[in-house]
Structures are given as structure tokens and as C-alpha cells.
Amino acid sequence: MSVQTMARRYASALADVVLERGEAAEVQAELAQWEEMIQSTPNLLEVLRNPTVALDQKRIVLNKLIERAKPRPTTVNFLKVLLQNHRLTDLGEINRKFAETLDERAGMVLATVTTARAVPEGSQKQLHAKLTGLTGKKVRVDFATDPDLLGGIVARIGSTVYDGSVRNQLQMIKEKMAG
């Protein structure tokens, strides 16, 4: 089973639980903190990845960390399930799929807008409104910059890309001239 498929299954199951309990945002934030802690602590990551370290030893480490962090019970149970199934080191991918699942169930789509320079706040609101109208759904927009675009905008919504960049226009002209 691929990591993507596994992550989607865990994310979907967790989403069922947290939406029923009304604690989606809180659990999502706690899991993001756990992911950051695991990834930023090489020794902890090595212990969790190492198959020669007994599961009981890993459980002791996790329980001590839980005592210090004091996350909510849903987060604790999820972390313990991941540890039991040797998936705690896949928390990053599971968190990404979990965020996607929560957005999907809320009727929200993620749009990534890339421009050559930072977009002023007023223009960000206009772009947000345009993308909402285009998709007919609630849209969460992430803005990024890429100086290689030269100018214009590239918007990605799911697998659909709207490329209005100067770089793309120049590439099209080049292909017409060559072809």
C-alpha cells in the first residue's frame, strides 16, 4: 500500500471522529505541533524509525511526551494508534491528507496563486472572490511568489492550472515561431 493511500485512510477515519466531536481545528493544530516536534528532533525520529527499538520502549517515550504536552484525548488516541501500527513517522503525510479531507468535507477547495511579486492585500481579496466565483465553492487561497514567472499569475485549483504568466506567454510564442 502506498504512503498516499495509507495516509488517506488514516486521515478519513480521524476526520470522521473529530467532526463528530466538533474538535477538528484543535486536533489538527495539535497534530501539526507533533509533526514539527518529531521532524525537528533527530534522535526522536531515529527512535521511532528504528525497527530494533522495541515497541514497548517507543510507547514509553511517546507516553512521556504526551504527559508533558497534554494534548486532548482524541489526539492521544490517534498518536497511539499510529505508534502501534508503525506509522508515527508518516505523521506529516497523514496531516496533509487530514487537512485536505477536512477542507473537502467542508466544501472548500485549496487554490495556490503564484505571482512574480507579492500580491497586495486588496488584490488578494479580489482574486479570492474571483476564484470563489469560478469554482462555486469556498476557497482557501495560498499565495506564493516565483520571480521566474516574470509577470502575470498562475492559479492552481486541484489538478486544474490557469497559467496567465508572462513566462507561459513567451513559451507559447516561441512554440508558434518554431513550429
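Give the Debye-formula value of log10 I(q)/I(0) at each listed q (0.23, 0.26 Å⁻¹), with one equal scatterer per alpha carbon of segment 37-130, two decimals each.
Relative scattering, expressed as log10 I(q)/I(0), comes to -1.21, -1.44.
In nm, give the distance between the simple-model label positions of Val3 and Arg21, each being 7 Å from the Cα along the Cα-to-Cβ direction.
Distance between label points: 2.7 nm.
Which of Ile157, Ile60, Ile94 moves most in a GNM of the chain, Cα contacts under 10 Å?
Between Ile157, Ile60, Ile94, it is Ile60 that shows the largest mean-square fluctuation.
For the chain, with all protein chains present and a 1.4 Å probe, just round the carbon and sulfur fraction of the accessible area to a whole percent.
Carbon and sulfur: 53 percent of the exposed surface of the chain.
Going by amide H atoms built from the backbone, whose H comes under 5 Å of the H on Thr145, apart from near neighbours?
Long-range HN contacts for Thr145: Thr115.
Could you state the angle between the C-alpha long axis of helix 166-178 and the longest principal axis of the C-alpha atoms of the chain, as a value from 0 to 90 degrees rounded to the nearest 10?
60 degrees
For every helix of n ≥ 4 consecutive DSSP H residues, a contribution of -39,500 (n - 2.57) applies; sum these over the chain, divide by its total residues, and give [θ] at 222 nm rounded to the nearest 500 deg cm²/dmol.
Taking each H run of at least 4 residues, the total per residue is -20500 deg cm²/dmol.
In a Gaussian network model over the chain where Cα atoms closer than 10 Å are linked, find which of Lys70, Lys138, Lys97 has the largest mean-square fluctuation.
Lys70
Heavy-atom accessible area per residue, segment 67-179, 1.4 Å probe: how many Å²?
Accessible surface, normalised per residue, equals 64 Å².
Evaluate the charge dipole of the chain about its Cα centre and quote only its size in Debye, nearest 20, assuming +1 on the Cβ of each Lys and Arg and -1 on the Cβ of each Asp and Glu.
The calculation lands at about 160 debye.
For Ala144 and Asn63, what is the calculated FRET efficiency with R₀ set at 41 Å and r taken between the beta-carbons, to the nearest 0.05?
For R0 = 41 Å, the calculated efficiency reads 0.55.
Just Ala29, Ala54, Ala111 to compare: in a GNM of the chain, with alpha carbon springs under 10 Å, which one fluctuates most?
Ala54
Using 1/(1 + (r/R0)^6) with R0 = 25 angstrom and r between the beta carbons of Ala13 and Ala106, what's the FRET efficiency to the nearest 0.05?
For R0 = 25 Å, the calculated efficiency reads 0.90.
Would you mind checking the tilt of helix 121-135 against the longest principal axis of the Cα atoms of the chain, expressed as 0 to 90 degrees and rounded to 10?
Around 90 degrees separate the two axes.
On the principal axes of its Cα set, how long, how wide and how thick is the chain? Give whole Å, largest value first.
66, 37, 31
Check the chain and count each lysine pair with an alpha-carbon distance under 25 angstrom, considering only pairs eight or more places apart or from different chains.
For the chain, the number of qualifying lysine pairs is 12.
Can you give the Kirkwood hydrodynamic radius of segment 25-80 from its Cα pairs, in Å with one decimal?
For segment 25-80, inverting the mean 1/r across all distinct Cα pairs yields 11.8 Å.
Give the percent of DSSP beta bridges with both residues in the chain that are antiparallel, rounded to the nearest 5.
Here the antiparallel bridges make up roughly 55 percent for the chain.
The values are calculated or read from the model by the stated rules, or taken from the named source; none is laboratory data. These numbers were taken from a predicted model, which means no experiment stands behind them. Positions of Cβ are backbone-derived with ideal geometry, glycine not excepted, and every protein chain shown enters the neighbour counts. Ligands, DNA and RNA are stripped out before the accessible areas are found, and what is left, the full protein with its side chains, is counted by its heavy atoms. Shrake-Rupley method; radii C 1.70, N 1.55, O 1.52, S 1.80 Å.
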